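To start, the structure itself, in structure tokens.
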Amino acid sequence: MKRKVTKAVFPVAGLGTRFLPATKSIPKEIMTLVDKPLIQYAIDEARAAGIKEFIFVTSRGKGALEDYFDHAPELESSLRKKGKKDLLSTLKNTNMESGAIAYVRQYKALGLGHAVGCAHRLIGNEPFAVILPDDVIAADTPCLQQMTEAHAETGGCMVAAMEVPPEKASAYGVLDVREDMGSMVSVNGMVEKPAKEEAPSNLAVIGRYILTPDVLKNLNKMKKGAGGEIQLTDAIAKEIQAGRDVYGYRFRGQRFDCGSKAGYLQATVAFGLARAELKDEFGSYLDEMLSMRQAAE
Ligand code: G1P
């Protein structure tokens with residue numbers, strides 16, 4: 001029987017320099033879309049996929065992230081006294097069972113692969129998920145859940161995949177497709193941030209992974225790759241070279257790159273419009289803005 005995926009790694013050690021000065025004193029994962037921090041979107045998605053253990057790879061200055069998942073007894077009792085049940089249940093979602101969350105520290109910014117490798121002792125010998133909280137995915141069925149369901153059939157390694165415009169491919173890990181089966185592709189190779197003319201396709205890796213423990217072994221021996229960093233893409237590509245299965249999964253949903261300002265603003269608009277209590281007021285404001293822009297042209 002294939003083993004269920006119950007552990008997920010959240011690499012959150014990055015400095016978030018693209019969002020300075022905001023990220024001078026708050027981790028970028030605490031930045032909010034409407035009223036929920038980016039990390040909460042990632043946690044909710046992981047829970048929906050059946051994840052029970054959450055491993056954060058952190059670095060200096062990320063203390064606010066640890067506090068965020070603590071219980072807040074005073075706040076909770078004041079909400080309880082006031083009968084604010086909705087807010088109380090919102091808050092409940094942010095609490096982690098003792099022992100369900102673990103923090104490991106990445107002492108040096110050596111790359112995404114290195115960050116994931118820092119979790120190897122906590123993962124042990126089982127398949128695990130990786131979620132990059134910068135990639136926020138709006139979907140009816142949460143992306144990682146779509147993937148765990150597909151993975152239960154295939155086993156092996158699986159990465160979320162999405163077509164990107166060819167001129168953008170060099171910003172991603174890119175798949176060399178062996179066979180295209182529609183929602184899934186089998187993969188011949190993977191290249192991290194290929195030069196424009198060297199991209200094997202325009203099918204890009206998005207920040208959701210289900211990986212075998214072999215990838216952790218590869219990471220241990222990995223040399224620096226693109227950008228002088230230890231790359232997760234390279235460690236997964238090693239699995240293909242070893243003759244093991246790697247799949248790309250074309251998820252159903254819309255992905256926002258919240259690691260970039262434009263992507264973050266787009267996500268704010270999309271998630272704002274998706275809220276029942278905001279969509280009328282916010283929607284008419286956007287309509288107004290649009291007509292003012294058009295009139296000015
Ligand atoms: C990382 C991965 C890359 C992937 C991307 C998705 O890159 O290394 O393979 O395509 O996330 O967001 P980063 O955006 O951290 O440079």
Highest to lowest packing among 130-141, 91-102, scored as the average C-beta count within 10 Å: 130-141, 91-102
Percent carbon-and-sulfur accessible area, region 67-137, ignoring ligands, DNA and RNA, probe 1.4 Å: 53
Extension gain, S260 back to A100 (0.36 nm per residue minus Cα-Cα distance, nm): 54.6 nm
Length gained when the stretch E198-E66 is fully extended (0.36 nm per residue, less Cα-Cα span): 43.4 nm
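Rounded to the nearest 500, what is the 222 nm mean residue ellipticity of the chain from helices alone, with -39500 (n - 2.57) per DSSP H run of 4+ residues and division by all residues? Working shown, then result.
Values: 11 runs with 105 residues, N = 297.
That comes out to -10000 deg cm²/dmol.
If you count only protein heavy atoms with a 1.4 Å probe, what accessible area per residue comes out for region 1-46, rounded to a whole Å²?
So region 1-46 comes to 49 Å² accessible per residue, rounded to a whole number.
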Cβ-derived FRET efficiency at R0 25 Å, K24 paired with A295, nearest 0.05: 0.05
FRET efficiency estimate (nearest 0.05) - Cβ-Cβ, D35 to L286, R0 25 angstrom: 0.85
Unit charges at the beta carbon, dipole of the chain: most positive-side option, S170, S89, S291: S89
Solvent exposure of region 82-189 as accessible area per residue, Å², 1.4 Å probe: 50
Accessible surface of region 139-297, 1.4 Å probe, proportion on carbon and sulfur as whole %: 50
All lysines inside 20 Å of K168 as judged from Cα atoms, apart from same-chain residues fewer than 8 positions distant: K193, K196, K261
Ranked packing of 283-291, 31-39, most packed first, by mean Cβ within 10 Å: 31-39, 283-291
Share, in percent, of DSSP beta bridges within the chain that are antiparallel, nearest 5: 60
Among R18, R250, R105, residue whose mean-square fluctuation peaks in a GNM of the chain (springs only between Cα atoms under 10 Å): R18
Label-point separation in nm, R121 to A150, each point 7 Å along Cα→Cβ: 3.5
Of the DSSP H helices in the chain, those whose Cα atoms cover at least 15 Å axially and whose Kyte score averages 0.5 or more: 261-273
Listed residue pairs exceeding 32 Å between alpha carbons, taken from K62/K85; K108/K238; K92/K224; K81/K279: K92/K224
Gain on full stretching of the segment that runs from L87 to R178 - 0.36 nm per residue minus C-alpha separation: 27.9 nm
Shape category assigned to the chain from the gyration tensor of Cα positions, a/c cut at 1.5: oblate
Hz values of 3J(HN,Hα) by residue in region 189-194 - Karplus curve (6.51, -1.76, 1.60), Gly and Pro given as x: x, 9, 10, 8, 6, x
The chain - charge dipole about Cα centre, Lys and Arg +1 at Cβ, Asp and Glu -1, debye rounded to 20: 1000
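The values are calculated or read from the model by the stated rules, or taken from the named source; none is laboratory data. As the structure is a computational prediction, the values presented were derived from the model and not from experiment. Here Cβ is always computed from backbone atoms with ideal geometry, including for glycine, and neighbour counts include all displayed protein chains. Keep in mind that these areas ignore ligands, DNA and RNA; they rest on the heavy atoms of the full protein, side chains included. Shrake-Rupley method; radii C 1.70, N 1.55, O 1.52, S 1.80 Å.
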